[in-house]
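One structure is given here, and the rest of the page talks about it.
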Amino acid sequence: MRAALAEAELALASGDVPVGAVLLDGDGAVLAHAHNEREATGDPTAHAEVLAIRRAAEVRASWRLDDATLVVTLEPCVMCAGAILQARIPSVVFGAWDEKAGAAGSVHDLLRDRRLPHRVEVTPGLLAEDAAGLLERFFAQRR
């Protein structure tokens, strides 16, 4: 999570919402890392999770990331949860809850929806105060 927080700091520095993600393989080695790049790229899909998944799939030359763990500073949104499910990622660890748009247990629970063919083990709250602090600082500056 500390590496994901470092990625989130990079997003903050570029004026984007400070969310960072790290994708680990089954042995715990880093496959990919990313931070939000929506402002930098003008791409509404440039969320940290989606970018990390794209980069890991490129490294693996496969869309199946079925031994990976995604570590992200903020609870994934619906779009990111969909990407996680499509990549068959079995485990997600996140820091802060997203009470407005979360899709891993707060507003929605897409990652563990029994109606879907793939479910994800979700571990919330890792370094939650640090992750939430970055977001609070970002949005306080915006007001």
Over region 113-123, the set of residues at pLDDT 95 or above and either hydroxyl-bearing (Ser, Thr, Tyr) or within 12 Å of Ser91 (Cβ to Cβ) (or both) is Val120, Glu121, Val122, Thr123
Scanning region 41-55 residue by residue, those under 14 Å from Thr73 (Cβ atoms) and in a helix (DSSP H, G or I) turn out to be Ala48, Glu49, Leu51, Ala52
Restricted to region 49-106 and to residues being of a type in the set (Val, Ile, Thr) and open to solvent by 10 Å² or more (accessible area, probe 1.4 Å), the residue farthest from Val22 (Cα to Cα) is Val78
ask   = Any residue at all in region 26-40 that is of a type outside the set (Asp, Glu) and assigned to a helix (DSSP H, G or I)?
value = yes
Checking Leu116, Leu126, Leu70, Leu110 in turn, the sole residue that is out of contact with any strand residue (DSSP E or B) (no Cβ under 8 Å at 6 or more places or on another chain) and touching a residue at least 12 places away in the same chain (Cβ under 8 Å) turns out to be Leu116
Residue pairs qualifying under the 9 Å Cβ cut-off, at least six apart or on distinct chains, with the first in region 1-28 being surrounded by fewer than 16 Cβ atoms within 10 Å (Cβ to Cβ) and the second being of a type in the set (Gly, Ala, Ser), are Ala3/Gly20; Ala6/Gly20; Glu9/Gly20; Ser14/Ala40; Gly15/Ala40; Gly26/Ala68
| message | Based on this model, can you work out whether Leu70 counts as closer than 26 Å to Phe138 by Cα, modelled with pLDDT of 95 or more and part of a strand (DSSP E or B)? | response | yes
ask   = Do we find that His33 is closer than 16 Å to Pro76 by Cα, modelled with pLDDT of 95 or more and open to solvent by 50 Å² or more (accessible area, probe 1.4 Å) in this structure?
value = yes
Checked pairs for region 83-102, first more than 8 Å from Leu70 (Cβ to Cβ), second part of a strand (DSSP E or B) and of a type outside the set (Ser, Thr, Tyr), C-beta under 7 Å and 6 or more apart or across chains, list as Pro90/Glu121; Phe94/Val72; Phe94/Leu74; Phe94/Ala104; Gly95/Leu74; Ala96/Leu74; Asp98/Leu74
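The values are calculated or read from the model by the stated rules, or taken from the named source; none is laboratory data. Remember, predicted model here, so these are calculated numbers, not experimental data. Cβ atoms come from the backbone with ideal geometry, glycine included; neighbour counts cover every protein chain shown. Remember, those area values only see protein heavy atoms, side chains included, never the ligands or the DNA or RNA. Shrake-Rupley method; radii C 1.70, N 1.55, O 1.52, S 1.80 Å.
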